[in-house]
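The values are calculated or read from the model by the stated rules, or taken from the named source; none is laboratory data. Not measured: the values here are computed from a predicted model. All Cβ positions, even for glycine, are placed from backbone atoms using ideal geometry, and neighbour counts span all protein chains on display.
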Amino acid sequence: MKKIKKTYRYALWSALYSTLLSMLIALLSYLFLVKSLGIGTVIVFGMIMYVVSFFIIQFRAEHFIYQRIKKLYEEISILNINDLERKKVTTDIEALTKTVKEFVEGKSEEIAHLNQRDSFRRDFLGNVAHELKTPLFTVQGYILTLMEGAAEDEKIRTKYLERANKGVERLTSIIKDLDMIAKLETEGMKMNIETFNILELIQNVFDLFEMKAKKRGITLRFDRIYEFPHFVKGDVERIEQVLINLVVNSIKYGKVDGITTVSIDDYNSNKFIIKIADNGEGIKQEHLSRLFERFYRVDQSRSREQGGSGLGLSIVKHIIEAHNETILLKSTFGEGSEFSFTLEKAQ
């Protein structure tokens, strides 16, 4: 049995109370005034009063509710006044409540998202200012020292110019990576998808950074001898950039005289997974979820000593996601880290 509408219950009870009052008046009139009317007349009178009262009260209740809901529809921009029907006004209350509830929930989520974005924006601007300030002040300091007379000493001049140049290179690196991040997030990334041998690309990256690795005594190697090529689909230049960033990170933060190992395995029947692992100091668990954020650094002092823009892993994540692939991170503090990403196999 369907639940009786609240306004009907209200009207029924109100009609009952009115009827009982009317019957009481009629009964008193019968007892003391006009007994000739008879008890039947009183009962008929009560029934008529009950029906008439019900319709009057129901009409008044609906009119009352309709006027107030109409006002709400006019004042709340998400509601269309044309959707409001007088004949459905009692059910419109439920629809209105549901709509307003959904609106409030949506606005709450929107406000939370905006607060999060505002917080992220403030952090980002603070990080950018800090990252730019350090090399700028360094370059400025060396130039001022040279202008004040140090330029006359050839050794000092050469040394300070070299240091100033390193500061400029770091500024250039930060601005270049910032420009790339901005393009990735606003314009998206146009991919030039082609088939290539991922083993050959990894070897090219090894050759490129062999001297850098030797300076820290780090060996770059594959996990095993691969007898056959492994062909994948992707943007060669972008994937090379991913490999460069991950290999350079393993050199920077890996253990001195350590090993960086790259392996390629089946992720599933359609994809390979490429893993870049080192046996360095690893990363603490509390840092893992934020490691791909822009400018996030596990160790501020060590990271700045090693150089870089602080945007490398963020760029890696954007490139891999632009390929509709997955990037993963596993790390045990004190033992090492493993970054991995998937790529589609070339059929």
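Of all residues in segment 149-169, which are more than 21 Å from Leu132 (Cβ to Cβ) and within 51 Å of the chain's Cα centre (by Cα)?
Those that are more than 21 Å from Leu132 (Cβ to Cβ) and within 51 Å of the chain's Cα centre (by Cα): Ile156, Arg157, Thr158, Lys159.
Could you grab me the full set of residues in segment 190-206 that are of a type in the set (Val, Ile, Thr) and over 30 Å from the mean Cα position of the chain (by Cα)?
Thr195, Ile198, Ile202, Val205
Condition check: at pLDDT below 85, buried (at least 17 other Cβ atoms within 10 Å of the Cβ), over 21 Å from the mean Cα position of the chain (by Cα) and not aliphatic (A, V, I, L, M). Does Ser301 satisfy that?
When the stated conditions are applied, Ser301 does not pass them.
Any chance segment 224-233 includes a residue that's in a helix (DSSP H, G or I), in the same structural domain as Phe333 (by TED's automatic domain parsing), out of contact with any Lys or Arg (no Cβ under 6 Å at 6 or more places or on another chain) and on the phi < 0 side of the Ramachandran plot?
no
When you scan segment 223-268, how many residues do you find that are of a type in the set (Phe, Trp, Tyr) and either more than 20 Å from Ile327 (Cβ to Cβ) or free of Cβ contacts under 8 Å to residues at least 12 places away in the same chain (or both)?
So the answer is 3.
Got a sec? Which of Ser263, Ser269 is of a type in the set (Gly, Ala, Ser) and not in a strand (DSSP E or B)?
Matching residue, one of Ser263, Ser269: Ser269.
Looking at this structure, is Gly217 crowded, with 16+ Cβ neighbours inside 10 Å, at pLDDT 85 or above, assigned by TED's automatic domain parsing to the domain that holds Leu328 and small (Gly, Ala, Ser)?
no
List the number of the failed condition for Thr342; all other conditions in (1) modelled with pLDDT of 85 or more; (2) touching a Phe, Trp or Tyr at 6+ places or on another chain (Cβ under 7 Å); (3) outside any strand (DSSP E or B) hold.
(3)
Say whether the condition of being small (Gly, Ala, Ser) and part of a helix (DSSP H, G or I) is met by at least one residue in segment 143-150.
Scanning segment 143-150, I find at least one residue that is small (Gly, Ala, Ser) and part of a helix (DSSP H, G or I), so the answer is yes.
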